[in-house]
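Everything below concerns the one structure shown next.
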Amino acid sequence: MKKWSKAIAIGMCVCMIGATALAETGDTDAVSSATQKTQTQQNQDGRHNKGGQQNQGGQNQQTPPDTSNQQNQGGRHNKGGQNRQTPPAGVQNKGGQNQQTPPAMPGEQNQDGQNQQTPSAMPGEQNQGGQNQQTPPAMPGEQNGERPELPDGQNSGGPGIPGDMNGMPGMPGGMGGPGGENAPSDYSAANTVTESSTGASYSSSTDSENAVLVSEGNVTLSGSTVSKTGSSSNESADFYGINAAVLATNGSTLTIEDAEITSDGGHANGVFSYGSGTTVNVSDTAITTSGNNSGGLMTTGGAALNATNVTVSTSGNSSAAIRSDRGGGTVTVTGGSYDTTGIGSPAIYSTADITVSDAALSATTSEAVVIEGGNNVTLNNVEITGSNTKLNGQSTVNTNVLIYQSMSGDASEGASTFTMTDGSMTAETGAMFHVTNTTTTINLENVDFTYAPDSNVFLDASADSWGRSGSNGGQVTLNMKSQDITGAILSDSVSSVTVNLDDDSTWTLTGDSYVTAFNGDLSNVNMNGYTLYVSGVAVNK
């Protein structure tokens, strides 16, 4: 840390000397450019505020990636490795962890853990990175690139109100940013378990320590009680399972039955499955987390997690009930209930392939579902409710389902898929779907939708605060089979929506709607006094 502080101090002195020299030569513009900085937002689990762009007054401005429950440091990961040694079974590790502050990102000055970056240029100017800021052309019904005014008070965009996580703004779902250290070669654990047990109790109160670690073989914990307190300030905890109450890794198989698992600390996930070849099976178990950045079921690094009749309750910010992060994996959930109350804490945050069936899910202060990057969520006969009452991080659109790409580097790139069959979805505020800076397919069949009273929008595909201005829209294929929907569909000038409506489906407009292509019988579309535009041309029935 001392070496790191000296390096920062030297860098600050060099910057001050350079600015003084520029001032003495009369290049006051250069001095102003060198000294203008903006403080980036910080991350919550919602993960909205990631290395994308912040939209202010129609301009897209580049901001550095965020952190979750900490300030943005060098691309949002703590790059100083942690030194941990795995203790023998049942022995609590009394050694601390060595954490190091990472260097600032290029163009930033790291002071007290804060990243600073030169702001984007004003309209019509060239920003300091040499890139022009351009507002995309208007779509039908727009003026000066603005979306048409929406009836009934629908929020059509505007600066997001950062969510509050220990007084810091953040992002949805709980994802990390680019960069970061590798997985630790050794973990610190109060109990390294190698044999199955019944009725055992495990606990840890030490920071950055697991209460239970399974790193080899096939272990079953039946009727166990696990308690975890203590926090981790290192976001690698959300990538590799450091500080989780229960962690399985290194290709092991862990089965948890009839257990009670609680955690109270930052970055203290409940049950964590990490690494290719690792499988966690958990059933008839209650998981409760109360700290920020503390999901219930967590899967990363290509691991597998299967949950049956599990009850998950999280109350911290950035703490999705069913959560994944860097490297994703495969998550299969059947039955149970999954509830969140924190800001930026959706019921499901997916950077993985997640399937949920016959379950009840709710998020009282967040989106119901968030999909980042080229990943998938499949819902079969579930009841799911979202209440995105507080915009989080870079988000500018209240929505029930957010499908996006943050450009953080933690989610695979490519097209995503959201599929829902049977069951019900309720939005208590905002649009039902918002798609931005990505390509996705939405498949709907026989879903009962309940719409928010403050929105008339079913699907909004548009540029938001992530990606490069002019190419950061949402590209959507909406397939409906035996499906009835109500609401407007909006697509701005950098987005596209193709609607495929089968003969057993209907669409009732509640506002003028803009799609790129429509395939189906127009007699199944109830215009309801509004106009449907297909590729900019008004449709006449």
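Computed from the coordinates by the stated procedures, all read-outs in this text should not be read as laboratory data. Keep in mind it's a predicted model, so treat the numbers as computed, not measured. Note that each Cβ is placed from the backbone with ideal geometry, even for glycine, and that neighbours are counted across all protein chains shown.
Here are some notes:
- Only Cα pairs under 8 Å and 6+ residues apart enter the sum, and on that basis the relative contact order of region 197-538 stands at 8 percent.
- Charge context of Ala415, other residues only, Cβ under 15 angstrom, K/R +1, D/E -1: -3
- In a fully extended conformation the segment linking Asn500 and Thr419 would gain 27.7 nm over its present Cα-Cα distance, using 0.36 nm per residue.
- For the peptides 318-325, 459-466, the ranking by packing is 318-325, 459-466, with the highest mean count of neighbouring Cβ atoms within 10 Å listed first.
- Sequence-distant residues sharing a close amide H with Ser324 (under 5 Å, placed H): Thr299, Tyr349, Thr351
- Under-5 Å amide H pairs with Val494, H placed in peptide plane, nonlocal only: Ala463
- Subtracting the Cα-Cα distance of Ser523 and Ser205 from their residue separation scaled by 0.36 nm leaves 108.1 nm.
- Anisotropy class of region 306-369 from Cα gyration tensor, a/c 1.5 cut: oblate
- Simple spin-label estimate for Ser471 and Asn309 in nanometres, 7 Å along Cα-Cβ: 5.2 nm
- In order along region 267-279, the phi-based Karplus estimate (6.51 cos²θ - 1.76 cosθ + 1.60, θ = phi - 60°) of 3J(HN,Hα) comes to 6, 10, 5, x, 10, 10, 10, 10, x, 4, x, 7, 9 Hz; Gly and Pro are listed as x.
- Three-way shape call for region 342-438 based on the alpha-carbon gyration tensor, with the a/c threshold at 1.5: oblate
- Listed peptides 237-248, 279-290 by packing density, highest first (mean Cβ within 10 Å): 237-248, 279-290
- For region 364-372, 3J(HN,Hα) computed residue by residue from phi via the Karplus equation (6.51, -1.76, 1.60; θ = phi - 60°) reads 8, 9, 7, 4, 6, 9, 10, 10, 10 Hz, glycine and proline entered as x.
- Across region 531-541, rounded Karplus estimates of 3J(HN,Hα) from the backbone phi angles (6.51 cos²θ - 1.76 cosθ + 1.60, θ = phi - 60°) give 10, 9, 9, 10, 6, x, 10, 5, 8, 10, 7 Hz, Gly and Pro being marked x.
- Sequence-distant residues sharing a close amide H with Thr334 (under 5 Å, placed H): Ala307, Thr308, Asn309, Ser357
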